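The values are calculated or read from the model by the stated rules, or taken from the named source; none is laboratory data. This structure is a prediction, so every number in the text was calculated from the model and none was measured. All Cβ positions, even for glycine, are placed from backbone atoms using ideal geometry, and neighbour counts span all protein chains on display.
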Amino acid sequence: MNRKRTISVILILISIVLAAAIIYKLVKYFEPTKELEKSKITLQDRELDIIFGNDSAQNTVYMYSNYGCPVCRKFLTNVIPAMETEFFQTKRLKINMRLTLKTENMDILNSMRASVCVNHYGNFEYLHQLLLSQSNIIYTAEFENMVNSFVDKDPFVAECIMAGASDAYLNSNLEEFEQLGFKGTPSFVLNGYSIQGFGDYLGFRKKILQILDK
């Protein structure tokens, strides 16, 4: 009898946990987007933005992110490809990723400098996929040698990394992030509205369409 009661209690607890998880998902799905004070800050494309989609898209989602953030990597891995047909190919919108992280760690800073400069002047796809699949590689000698090879082979990448352009850009991203009142990554801005965090593609798509329809 006691065993049956124990099993019943366990089943009830499992049901409660599952119900709470479903309610949380529904709350997040139907959570309204937050309108920013448009006079507070005006967002415009910048030269070192990492762009997904067509440069001439009608709308721009500004994404504050970094490769050390697991949720950001999930977004880049799962959501970006899913947006290709409906949003990118139709030029309905593009995503400008702005690498953002407050840190003094030189390995992280060097990886961010290399990312924005290689994206702008070279072939970024390999580096992008590497950082998605092995984000901790930035702490290795292998990665340091790779960045040094970028600098040695391409004078434009070298100047971007070493002459201060990448630092100025990354500092601007962080300053903008803080001015917008964001606390964590990924955070997004589209047409003056913010989307903070990310659950799944369908929820993100719903919020994007809500904003575009305003």
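One residue stands out in the stretch 153-165 among those that are part of a helix (DSSP H, G or I), touching a residue at least 24 places away in the same chain (Cβ under 8 Å) and not small (Gly, Ala, Ser): the one that is surrounded by the most Cβ atoms within 10 Å (Cβ to Cβ), namely CYS160.
Considering (1) touching a Pro at 6+ places or on another chain (Cβ under 9 Å); (2) within 14 Å of LEU101 (Cα to Cα), the lone condition that GLY197 does not fulfil carries the number (2).
With respect to the conditions (1) at pLDDT below 95; (2) part of a helix (DSSP H, G or I), ASN123 falls short on a single one, namely (2). Just one of (1) more than 30 Å from CYS160 (Cα to Cα); (2) at pLDDT 70 or above fails for PRO32. It is (2). For the stretch 130-145, taking the residues that are of a type in the set (S, T, N, Q) and in a helix (DSSP H, G or I), the one that is farthest from PHE75 (Cα to Cα) is identified as ASN145. Only one of the listed residues (THR90, THR103) is surrounded by 12 or more Cβ atoms within 10 Å (Cβ to Cβ), more than 25 Å from LEU170 (Cα to Cα) and at pLDDT 95 or above. That residue is THR90.
On the given criteria, is GLY68 farther than 30 Å from ALA141 by Cα, modelled with pLDDT of 95 or more and buried (at least 17 other Cβ atoms within 10 Å of the Cβ)?
Values: farther than 30 Å from ALA141 by Cα: no; modelled with pLDDT of 95 or more: yes; buried (at least 17 other Cβ atoms within 10 Å of the Cβ): yes.
Taking the combined requirement at face value, the residue does not satisfy it.
Residues being assigned to a helix (DSSP H, G or I) and under 16 Å from the mean Cα position of the chain (by Cα): count how many of those fall in the stretch 173-206. Write out each step before concluding.
Kept after step one, since they are assigned to a helix (DSSP H, G or I), are these residues of the stretch 173-206: 173-179, 201-206.
Checking the rest, the ones that are also under 16 Å from the mean Cα position of the chain (by Cα) come to 173-174, 176-178, 201, 203-205.
Total satisfying the criteria: 9.
When PHE124, PHE150, PHE88 are checked against the criterion of being of a type in the set (Phe, Trp, Tyr), free of Cβ contacts under 8 Å to residues at least 60 places away in the same chain and within 18 Å of ASP49 (Cα to Cα), PHE88 stands alone in meeting it.
For the stretch 50-61, which positions are over 24 Å from ASN136 (Cβ atoms) and either surrounded by fewer than 22 Cβ atoms within 10 Å (Cβ to Cβ) or of a type in the set (Lys, Arg) (or both)? So that I can check it myself, show each step before the final result.
Filtering the stretch 50-61 for residues over 24 Å from ASN136 (Cβ atoms) gives 51, 53-61.
Result: ILE51, ASN54, ASP55, SER56, ALA57, GLN58, ASN59, THR60.
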